[in-house]
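K.L.:
There's a structure below that I have some questions on.
Taken together, the values in this text are just the output of simple stated rules run on the coordinates, not laboratory data. Quick caveat, the model's predicted, so the values are computed rather than measured. Counting neighbours? That spans all protein chains shown, and the Cβs are built from the backbone with ideal geometry, glycine included.
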Amino acid sequence: MARQERAIRTRRTILEAAAAVFDERGYTSATIGEILDRAGVTKGALYFHFGSKEELAVGVFEEQLAITLPAQSSKLQELVDSGLVMARRLRSEPLVRASVGLALDQGAMDLDRTPAFRMWIDQNTQMLTEAKARGELLQHVDVAETAELLVGSFSGVQLLSQLRCQRQDLERRVVVLFEHFLPSITVPAVLARLDISVERAERVLAQVLTGEDAAVPTQASVPAQAPVSSGA
């Protein structure tokens, strides 16, 4: 058990070091040597977990989805939470910044960047499919097209925020994105109950850190009101 825990810690250390180097240098300029120096591990330890620099990049892609957010009574609230939490993590976590930077790095010609976009699209597709089954989406909504549009829109918004102010206003920009995006796909009764606020991400992440499983209350969930039903 101790050996397994040590291996998990070593793998995490390598991923964090790779993320920092990718974030600072870009995928093409980053070297295995720089990652080894940053991680403070041997070449053998690195290659035990990752066979190449590309495998390291894929590991960074996958690590951003390792976090599990609390389930909500509305699948569209889960979609909103996912976007707002990603925005917050992009500002605070080098590993998440590196994963997005790698996916959008057009200079990384020898890196297959499609897995990152596929993971984001698949995650959105799953939530939107469940939302539609629950009656949360308007009848005309095409789930596959909507999932891809949301990923493309988020990618553009975060890039603009990065260029303008190093993502300092990213959560506000993502709120604006959802405020424009959701009315075109959401049943009005559901839309009225969604919490699309800048502060939402902080509350959700705080619950993740404490290990609580209950749904995070929305702004509409005050004591004088009835709780949001799963069929909203």
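K.L.:
May I ask for the angle, rounded to the nearest 10°, between helix 200-210 and the longest principal axis of the chain, with both axes built from Cα atoms and the value confined to 0 to 90°?
P.N.:
Taking the Cα atoms of the chain, the angle to 200-210 is about 60 degrees.
K.L.:
Sticking with this structure for a sec: With the Cα gyration tensor of region 147-214 giving a ≥ b ≥ c as the square roots of its eigenvalues, does the rule (a/c under 1.5 for rounded; else a/b larger than b/c for prolate; else oblate) give rounded, prolate or oblate?
P.N.:
On the way: a/c = 2.05, a/b = 1.10, b/c = 1.86.
Because a/c hits 1.5 or more and a/b fails to exceed b/c, region 147-214 counts as oblate.
K.L.:
Oh, and also: With a point put 7 Å past each Cα toward its Cβ, work out how far E130 is from A206 in nm, to one decimal.
P.N.:
2.4 nm
K.L.:
Next up: What share of all Cα pairs of the chain, in percent, falls into each consecutive 10 Å distance bin?
P.N.:
All Cα pairs, binned at 10 Å, distribute as 7, 29, 32, 20, 9, 2, 0 percent.
K.L.:
Tell me, what is the FRET efficiency for A189 and D122 to the nearest 0.05, using R0 = 30 angstrom and their Cβ-Cβ distance as r?
P.N.:
Values: r = 28 Å, r/R0 = 0.93.
Once the sixth-power term is evaluated, E becomes 0.60.
K.L.:
Taking the 0 to 90 degree range and rounding to the nearest ten, how far is the long axis of helix 53-63 tilted relative to the main principal axis of the chain, both from C-alpha atoms?
P.N.:
It is inclined by approximately 30 degrees.
K.L.:
Under 19 Å from the Cα of K43, which lysines turn up, not counting those fewer than eight places away in the same chain?
P.N.:
Answer for K43, where 19 Å is the Cα cut-off: K53, listed by chain and number.
K.L.:
Would you work out which of G33, T13, T68 lies farthest towards the positive end of the dipole of region 10-75? Charges go on Cβ: Lys and Arg +1, Asp and Glu -1.
P.N.:
Going by the charge dipole, the pick is T68.
K.L.:
May I ask you to sort M86, M109, M119 by Cβ crowding, counting other Cβ atoms within 10 Å and putting the fewest first?
P.N.:
Working: M86 23, M109 9, M119 17.
Lowest to highest Cβ neighbour count: M109, M119, M86.
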